[in-house]
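For reference, the structure is listed below as structure tokens.
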Protein chains: 2
Amino acid sequence: MTDAEPTVGELSEGQILRGILDRLPPSTAPVGPGDDAAVLAVPDGRVVATTDTLVHGPDFRLTWSSPFDLGFKAAAVNLSDVAAMGARPIALLVALALPDDTPLSFVRIFADGLAAACAELAPGCAVEGGDLTVSDTLTIAVTALGSLDGRVPVLRSGARPGDAVHVVGELGEADRGLRVLFERFTDATGAPVPVTPDARAELSPGDERALDRQLRPRPPIAEALAAAAAGATAMMDISDGLALDATRLAEASGVTVALDAAALGDDPGQALQGGEDHGFLVTFPPGAAGAGRRIGVVEERGRAPLVVDGTPYTGRGGWDPYRDWDAGRG
Amino acid sequence: MTDAEPTVGELSEGQILRGILDRLPPSTAPVGPGDDAAVLAVPDGRVVATTDTLVHGPDFRLTWSSPFDLGFKAAAVNLSDVAAMGARPIALLVALALPDDTPLSFVRIFADGLAAACAELAPGCAVEGGDLTVSDTLTIAVTALGSLDGRVPVLRSGARPGDAVHVVGELGEADRGLRVLFERFTDATGAPVPVTPDARAELSPGDERALDRQLRPRPPIAEALAAAAAGATAMMDISDGLALDATRLAEASGVTVALDAAALGDDPGQALQGGEDHGFLVTFPPGAAGAGRRIGVVEERGRAPLVVDGTPYTGRGGWDPYRDWDAGRG
């Protein structure tokens with residue numbers, strides 16, 4: 001950023017949009033950005049729709065996340081919710097509320113992050129609409145839309161006793177990355193300090209990888225669609241930690257999910273409690289080959305929705321922004 | 001609000017949702033709220049999608065707008081963008097970012113406003129998904145989705161020389177209502193004061209009606225769909241004032257829009273410059289019966305995109321949040 005760089009407060013909405021539209025993936029829609037609304041093709045007559053918001057403070061620190069990271073993450077966490085239904089992501093709508101001293105380069109690099117996430121995770125998905133407004137609090141509200149392409153949607157409520165419980169994707173990596181941020185990228189007062197390339201180079205390979213997953217989650221979208229095609233009976237995005245999300249799936253299906261701690265990796269506690277991995281919890285009928293790796297089985301509903309090694313799970317459930325945010329920003 | 005009333009900061013996301021879901025219109029979707037994403041039916045294989053955000057400060061004052069008003073307005077301004085394409089609104093996704101001291105009753109009454117807007121403006125449209133998070137700045141990001149039901153979408157770019165220019169809905173009423181707020185509901189320092197029933201009762205009938213339109217805009221959705229069915233060649237929501245939006249339609253269509261000031265009511269300046277009416281600017285081919293009232297004609301592109309009584313329009317264009325917000329809240 002230089003003194004000469006314009007801020008969004010000095011530009012009109014149209015000028016800001018002209019600065020980012022050419023950095024976004026090309027529209028694939030019958031009517032793309034620029035009219036009152038987009039028109040999207042969903043050949044089988046059904047559209048999958050979800051929305052998720054990232055707020056400066058509870059959801060990210062600008063000291064830690066680059067604009068590129070934020071664009072990538074805002075896309076990824078929404079793409080994963082579409083894929084969790086067994087649907088192919090086709091479009092994002094991106095509503096940005098920006099402080100008026102935000103440099104234009106922030107918006108442009110944010111757009112690069114959106115574009116990179118679409119290209120890597122969901123090729124063909126484009127930003128087909130959005131909204132820009134001014135706010136004291138940087139807020140990113142993304143809606144993702146998807147096409148089922150004739151498939152049956154995979155709900156949370158479809159798990160049946162005897163089904164195998166699988167995970168597609170990683171467990172605990174994003175949480176490990178968050179710990180790296182708090183332990184390695186804060187000063188003596190606990191305030192965040194920037195994640196510089198030099199500082200990252202000093203991390204262990206495992207910590208560096210975990211940090212990358214925290215800043216730029218990579219939900220395995222294609223594998224989730226393959227799981228749906230392979231006959232998944234239930235599926236959901238693991239965003240708030242395996243324990244909380246497995247409990248939700250169990251409650252929705254009226255079953256007990258019984259997990260095997262030995263299948264949860266070296267740190268079962270982190271795997272159970274850590275949020276933001278955006279992998280997928282999937283159940284498959286008995287005998288199906290499945291996808292990802294098996295971590296347990298679905299049982300008739302017992303006294304608890306979630307058991308680990310046969311014992312009802314009573315650990316902490318996961319991140320809840322209304323309980324857990326400490327009001328810090330950075 | 002009483003001391004005993006819980007705030008959203010004291011409740012989990014699930015508890016907050018349980019307090020509002022029963023106040024929303026019943027889901028009409030194949031898969032409604034509660035899973036990773038909703039699944040919506042769009043029988044002709046195309047979905048119309050738009051998003052618009054209301055931010056505390058630039059977009060509303062809590063001293064003036066009740067939670068019901070905000071729910072109503074957040075729905076209305078998005079429903080109008082769907083209808084402007086000639087599409088029937090079928091679903092809203094509502095992302096709320098709330099300060100943690102927000103009382104639960106705020107969210108419940110906000111939901112009542114959403115429900116009332118759907119029932120009045122777009123029966124059958126329901127809130128099929130959403131997101132709740134915490135923020136220092138109350139932010140309401142709504143996505144609206146619609147079905148074209150086999151119709152051709154009506155774009156901004158379809159106006160042709162010789163077409164008649166019509167307005168469906170009101171011009172300048174919401175702006176008049178905003179003036180009422182600034183003139184009648186501020187104290188000596190210019191700070192907003194509450195809009196009480198007693199104070200409203202002292203307004204002239206015209207001012208009271210304009211205030212109502214500012215706080216709860218009522219886009220004529222059914223009339224917009226009728227205009228599309230009657231052969232509209234172009235249509236758009238008039239959200240930023242007739243002058244700015246007519247200029248946009250003219251630029252998109254490569255034409256000049258020529259307006260007749262005498263057709264713009266008693267105060268053509270307010271009709272041209274006032275925003276937030278959320279009526280519809282529509283063009284019809286020569287000889288069509290049209291809808292709403294005729295305010296001008298489409299001409300071959302001349303030196304200006306917009307002319308009024310034959311003179312290029314050079315007045316102020318309308319509201320732009322990046323230029324116009326004074327950083328106040330209230």
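The values are calculated or read from the model by the stated rules, or taken from the named source; none is laboratory data. Please read these numbers as outputs of a predicted model, since none were measured by experiment. Here the Cβ is made from the backbone with ideal geometry for all residues, glycine too, and neighbour counts use every protein chain on show.
Here are the numbers for the structure shown:
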| item | result |
| --- | --- |
| Residue that is surrounded by the most Cβ atoms within 10 Å (Cβ to Cβ) [pool: residues in the stretch B:174-196 that are part of a helix (DSSP H, G or I) and touching an Asp or Glu at 6+ places or on another chain (Cβ under 6 Å)] | B:ALA174 |
| From the options B:LEU79, B:LEU96, residue that is crowded, with 24+ Cβ neighbours inside 10 Å, among the hydrophobic types (A, V, I, L, M, F, W, C), touching an Asp or Glu at 6+ places or on another chain (Cβ under 9 Å) and within 14 Å of chain A (Cβ to nearest Cβ) | B:LEU96 |
| Any hit, the stretch B:202-214, residues being part of a helix (DSSP H, G or I) and within 26 Å of B:VAL48 (Cβ to Cβ) | yes |
| Condition met for A:PHE106 (part of a helix (DSSP H, G or I), more than 12 Å from chain B (Cβ to nearest Cβ), within 17 Å of the chain's Cα centre (by Cα) and among the hydrophobic types (A, V, I, L, M, F, W, C)) | no |
| Among residues of the stretch B:259-275, those that are outside any helix (DSSP H, G or I) and surrounded by 21 or more Cβ atoms within 10 Å (Cβ to Cβ), counted | 3 |
| Positions within the stretch A:109-134 being in a helix (DSSP H, G or I) and either within 7 Å of another protein chain (Cβ to nearest Cβ) or not aromatic (Phe, Trp, Tyr) (or both), in sequence order | A:ILE109, A:ALA111, A:ASP112, A:GLY113, A:LEU114, A:ALA115, A:ALA116, A:ALA117, A:CYS118, A:ALA119, A:GLU120, A:LEU121 |
| Subset of the stretch A:230-252 that is in contact with a Lys or Arg (Cβ under 7 Å, 6 or more places away or on another chain) and in a helix (DSSP H, G or I) - its residue that is farthest from A:ASP309 (Cα to Cα) | A:ALA252 |
| Of all residues making up the stretch B:135-151, the number that are buried (at least 24 other Cβ atoms within 10 Å of the Cβ), at the interface with chain A (Cβ under 7 Å from one of its Cβ atoms) and farther than 22 Å from B:ALA29 by Cα | 2 |
| Failed condition for A:LEU211, given (1) aliphatic (A, V, I, L, M); (2) buried (at least 24 other Cβ atoms within 10 Å of the Cβ); (3) touching a residue at least 40 places away in the same chain (Cβ under 8 Å) | (3) |
| When residues of the stretch B:12-54 are limited to those that are among the β-branched types (Val, Ile, Thr) and within 22 Å of B:SER80 (Cβ to Cβ), the one surrounded by the fewest Cβ atoms within 10 Å (Cβ to Cβ) | B:THR28 |
| Hits in the stretch A:207-264 (condition: within 14 Å of chain B (Cβ to nearest Cβ) and touching a His at 6+ places or on another chain (Cβ under 8 Å)) | A:PRO219, A:ALA227, A:ASP237, A:ILE238, A:SER239 |
| Given (1) farther than 20 Å from A:ASP149 by Cβ; (2) modelled with pLDDT under 95, index of the condition A:ASP35 fails | (2) |
| Search result, residues across the stretch B:2-49 that are among the polar types (S, T, N, Q) and either more than 8 Å from every other protein chain (Cβ to nearest Cβ) or outside any loop (DSSP other than H, G, I, E, B) (or both) | B:THR2, B:THR7, B:GLN15, B:SER27, B:THR28 |
| A:LEU171 more than 14 Å from chain B (Cβ to nearest Cβ) and either more than 27 Å from B:ALA95 (Cα to Cα) or assigned to a loop (DSSP other than H, G, I, E, B) (or both) | yes |
